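To start, the structure itself, in structure tokens.
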Amino acid sequence: MTVNMSKGQAISLQKADGGTLTAVRMGLGWQAAPRRGLFGSRTREIDLDASAVLFADKQPVDVVFFRHLVSDDGSVRHTGDNLVGGAGQGGDDEAILVDLQRVPVHIDQIIFTVNSFTGQTFAEVQNAFCRLVDETNGQELARYTLTGGGQYTAQIMAKVQRDGAGWQMKAVGEPANGRTFQDLMPHILPHL
Amino acid sequence: MTAELVRGQNHPLPQTRLEIRVSAGHPIVAGATLGDEQGTVRGTEWVAHPAAPQLPGIDVSRQAAADHRLAVDLGAVPEAVHRVNVLLALPTGVGGPTRFGAMPAPFVAVTGLDGTEVASYTITDLDSESAVVALELYRRQGAWKVRAVGQGYAGGLAAMLHDQGLPEAAALAARINEAVAQGMARSVAPPPPRPDGEGRVRTATAGGGAATAEPAAVPQQAPPPAPPGTAPGGPGSGGPGSGGPGSGGPVNYQHPGRRTSAPPTPPPPAPPAEPGRPAQPVAGDASGWTMDERLYNQVWGMFEDLARTAAAYRSAVDFADSRMEKELDGVLSDPRTRFGPEADAAREQARAKHTALVEQARAVLDRDLAQLAAEAEVVEPALPPAFARWDSPVWQAYQVPMEIPMALRLGELHLPERRDLRIPMLVRLPLERGLWIDSGRDGLSEAVAVDSGELRRLAADTAVAHAARLLAVYPAGEFTVHVIDPAGSAAASFAPLLRSGVLREPPATGAQGVSAMLAALTRRVDLVQMAVRSGAADALPPDLDIAEQLLIVHDFPHGFDDRAVTQLRYLADEGPSVGVHLMMVADRRDAQAYGPVLDPLWRSLLRVTPVPDEHLADPWVGHAWTYEPSLVPAGSQVVEQVLARVVQARQAYGR
């Protein structure tokens with residue numbers, strides 16, 4: 001069962017059987033740009049990037065993105081930059097894996113963002129989505145559809161924060177503009 | 001909040017204690033120069049660089065890295081300093097890009113101690129430059145500001161330092177490059193991205209000289225080694241399930257990456273975990289085609305996990321420290337609340353928060369360390385001889401192997417967080433770089449209570465332990481050791497090698513012995529190289545020993561002339577690819593008379609020490625790991641027994 005999340009909705013990352021989640025994956029998928037007539041081989045690729053910013057007490061302490069694929073502590077891993085997107089069949093083109101048990105104790109919030117590195121707005125990208133998956137059993141916890149997201153090039157997707165001994169996820173879904181997560185920092189801070 | 005600067009733009013700095021973060025796609029050198037009112041760097045003592053990483057108020061890192069964090073305290077720099085230039089440069093002579101245009105644009109950010117970004121700057125439009133002034137921090141009417149500079153120099157560091165008015169620019173640039181290259185000798189090479197066991201089977205096109213040292217390719221070699229499993233009186237250690245192409249046939253048409261054997265046996269299943277507790281660790285719980293490969297991958301996995309777990313702990317403690325400092329500062333800076341019970345309570349609270357976070361971090365660290373320790377406990381006894389400690393029981397049941405193992409244990413590594421958790425340090429075989437066993441006191445911590453004579457003896461013993469292990473893990477007759485000991489000063493240490501008969505000739509002594517030995521090995525490298533280039537392996541002279549060669553050079557440079565030094569450098573450069581390896585037992589300080597001519601030699605070798613020493617960096621987060629060599633326990637006869645078997649096996653195979 002997949003929850004199609006709406007802005008501001010919060011779900012606790014508790015499993016149905018009461019155990020807490022130990023590993024989650026943020027997946028991002030989109031369809032490659034269509035080829036056009038003459039000179040169709042000229043690249044017009046769409047490059048979306050997924051990033052995760054790790055905060056301790058509202059201070060960013062580490063970032064996992066295409067230039068820094070593994071957080072220093074090894075708990076957050078990016079599977080690698082995809083520059084062109086996929087076929088739009090629903091598979092993840094970029095993914096960030098979070099081993100929640102091993103996130104350092106001072107990190108209390110992780111923000112996931114999506115940026116359009118090549119500058120196309122979400123209105124132009126076909127079949128783009130972002131989802132959160134329980135990595136232990138592959139079950140989809142939440143899904144966002146980006147396509148039709150209007151004249152924006154970035155989105156602050158979701159926030160995973162400590163909640164007692166476990167973790168809680170909150171959908172943010174705030175659109176913004178920017179090429180990388182650095183451009184989004186002013187927009188991220190109000191959500192901490 | 002963050003100012004994204006463009007070239008030439010400036011921005012005020014709100015505080016004087018800052019961190020400058022640099023990220024680039026490839027390892028680069030980061031440094032800082034101090035300038036007076038005119039911007040002139042008054043001398044080399046005004047430059048912070050890897051060889052002199054600390055100046056008052058500036059702290060840069062000792063080695064090249066893709067990411068740097070420079071600590072800057074502008075309140076602590078000398079009064080005369082009006083400018084601080086942050087510079088980046090590409091390391092020379094160590095491979096990698098030679099111009100900034102060939103790599104992603106470097107990114108620099110000025111942040112507060114708590115990580116808040118003040119200003120950032122992406123240095124774009126660089127092309128042939130190999131050094132760049134990234135930022136300038138400067139005093140203006142008593143306050144500090146930052147300016148994005150982005151001035152590149154195609155002439156590299158020397159040109160940049162010269163431009164800043166430093167007279168000894170070229171000499172300093174050379175010193176910096178030297179320190180950086182030395183840093184490379186102090187780091188553990190990263191593991192191959194997906195170790196897939198190539199090189200495991202001798203006929204595969206393993207890197208190094210496996211193809212040229214292939215006995216079957218040389219018809220003159222009378223009995224080719226029997227294929228695994230059919231050896232007469234077979235020391236049947238052919239490795240179960242690794243039945244790839246044997247080393248029997250004259251030509252092997254098989255694609256090295258393709259296996260005909262049945263799929264590997266799955267790793268041993270882990271016993272089900274008790275609810276609420278982590279799973280019991282199992283030896284060989286990693287991917288791989290054989291048990292050895294799985295153990296190798298598991299050891300590297302433990303190495304990475306320990307590095308990262310320690311990084312998590314250290315970053316949490318750092319964060320707790322900086323937060324407490326900030327909170328205490330906050331109490332102090334407000335005159336209304338500086339004294340009195342409220343202030344005391346606030347201080348108390350800040351300390352309590354610090355303690356709580358550190359305790360939490362320690363608990364997580366202890367949990368992870370306990371898990372890794374439990375894993376080490378089951379992995380260590382399961383290791384095959386090549387990976388095992390000398391005191392492991394597997395050495396008692398040692399049999400001469402039929403094929404080379406994928407890796408060799410050089411020692412073990414640990415971190416100060418838990419000294420008894422030792423990770424085996426495994427390097428791939430055939431060796432990709434030689435070893436330098438440092439017999440000098442330079443770079444050792446003062447605490448090492450060993451005098452220099454004792455250190456020399458330990459270094460020779462370490463060399464013998466490594467050489468004996470190499471001899472033992474290679475198939476019979478496929479590894480030959482030579483020793484150069486010009487003054488004969490380590491005869492006692494080399495005695496086990498000589499007595500057992502694994503050395504084909506006694507250690508070379510005297511100037512004549514040295515030059516004869518080096519000439520013979522140089523000739524071998526030349527001939528094999530020629531044969532490989534022209535594809536004429538069968539044209540090698542019959543008297544050529546096609547086994548892998550290891551040359552132990554003791555007491556360098558005493559008794560070596562210039563010609564010998566040149567030959568050594570040649571062997572270090574060209575040898576590994578044709579199966580000739582160097583093991584230098586030397587004190588670098590002794591060799592300083594030769595000047596920089598030897599620097600490439602040192603940096604091409606992996607430096608290890610005869611005593612525990614904190615000098616190796618891991619490839620992930622760059623912690624300083626304490627290396628301890630794998631030595632034979634005192635009074636143990638294990639090396640003698642093992643070498644006796646090696647000699648027996650050689651005789652049995654007529655080698």
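Only the coordinates and a few stated rules stand behind these numbers; no lab work does. Please read all numbers here as calculations on a predicted model, not as lab measurements. Backbone-built Cβ (ideal geometry, glycine too); neighbour counts: all protein chains shown.
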List the residues, sorted by chain then number, that are 5 or more residues from B:M425 or on another chain and whose placed amide H is less than 5 Å from its amide H.
B:L410, B:G411, B:E412, B:L413
Inter-chain Cβ neighbour average for residues B:359-368, partner chain, 10 Å
2
Estimated vicinal HN-Hα couplings, Hz - region B:365-381 in sequence order (Karplus 6.51, -1.76, 1.60; Gly, Pro = x):
4, 4, 4, 5, 5, 5, 5, 5, 5, 5, 5, 4, 5, 8, 6, 3, x
Per Stokes-Einstein, at 4 °C and 1.567 mPa s, what whole-number D in µm² s⁻¹ belongs to region B:377-523, with the Kirkwood radius over Cα pairs as the hydrodynamic radius?
75 µm²/s
Could you give each residue of region B:579-590 its phi-based ³J(HN,Hα) in whole Hz, using Karplus coefficients 6.51, -1.76, 1.60 with θ = phi - 60°, and x for Gly or Pro?
x, 10, 10, 10, 10, 8, 10, 8, 9, 4, 5, 4
Considering the options B:V464, B:V580, B:S489, tell which one lies farthest towards the positive end of the dipole of region B:430-652, charges being +1 on Lys and Arg and -1 on Asp and Glu at the Cβ, about the Cα centre.
B:V580
Could you pull out every residue, at least 5 positions away or on a different chain, whose amide H is within less than 5 Å of the one on A:D108? Hs are placed 1.01 Å off N in the peptide plane, and Pro or chain starts have none.
A:F55, A:A56, A:D57
Inter-chain shielding of B:110-116 (mean C-beta neighbours from other protein chains, 10 Å cut-off)
3
To the nearest whole number, what is the average tally of beta carbon atoms from other chains within 10 Å of the beta carbons of peptide A:94-102?
1
Set the Förster radius R0 to 51 Å, insert the Cβ-Cβ distance between A:A123 and B:T98 as r into 1/(1 + (r/R0)^6), and round the FRET efficiency to 0.05.
0.75
Kirkwood calc, region A:95-192, C-alpha pairs only, radius in angstrom 14.4 Å
So if each residue of separation counts as 0.36 nm, and I subtract the Cα-Cα distance between B:V394 and B:D590, what length gain in nm does that give?
66.6 nm
Spatial extent of region B:369-419: Rg and Dmax, with the Cα atoms as the point set, Å:
12.9, 40
Pick out, in residue order, every one of the trypsin sites (Lys or Arg not before Pro) in region A:87-192 that is DSSP loop and has at most 16 other C-beta atoms within 10 Å; say none if there are none.
A:R179
Any idea what the alpha-carbon Rg over 2.2 N^0.38 Å comes to for region B:430-652?
1.02
Inter-site label distance for B:E37 and B:E325 at 7 Å from Cα along Cβ, in nm:
3.2 nm
Using each residue's phi in region B:486-499, evaluate 6.51 cos²θ - 1.76 cosθ + 1.60 at θ = phi - 60° and report the 3J(HN,Hα) Karplus result to the nearest Hz, with x for Gly and Pro.
x, 9, x, 7, 10, 4, 5, 5, 7, 3, x, 5, 6, 4
Using the Kirkwood radius built from alpha carbon pairs, what does the Stokes-Einstein equation give as D for region B:265-418 at 37 °C and 0.692 mPa s, in µm² per second?
171 µm²/s
Length released on extending from A:L189 to A:Y152, taking residue separation times 0.36 nm less the Cα-Cα span:
11.5 nm
Hey, can you rank A:61-70, B:74-83, B:582-591 by average C-beta count inside 10 Å, highest first?
B:582-591, A:61-70, B:74-83
Which three extents, in whole angstrom, do the alpha-carbon atoms of region B:440-529 cover along their principal axes, largest first?
47, 31, 27
Using a basic spin-label model with each label point 7 Å from the Cα along Cα→Cβ, how many nm lie between B:R504 and B:M530?
1.9 nm
Tell me, in nm to one decimal, what length is gained between B:D562 and B:D538 on full extension, where the rule is 0.36 nm per residue of separation less the Cα-Cα distance?
5.2 nm
Test item: Cα-centred dipole of region B:430-652, Lys/Arg +1 and Asp/Glu -1 on Cβ, debye
420 debye
Note down the Stokes-Einstein diffusion coefficient of region B:3-185 in µm²/s, whole number, using a Kirkwood radius over alpha carbon pairs, 25 °C, and 0.890 mPa s.
154 µm²/s
Taking a crude spin-label model, label points 7 Å out from Cα along the C-beta direction, the B:A345 to B:A71 distance in nm is 3.4 nm
C-alpha center-to-center spacing [region B:282-343, region B:616-643] in angstrom:
27 Å
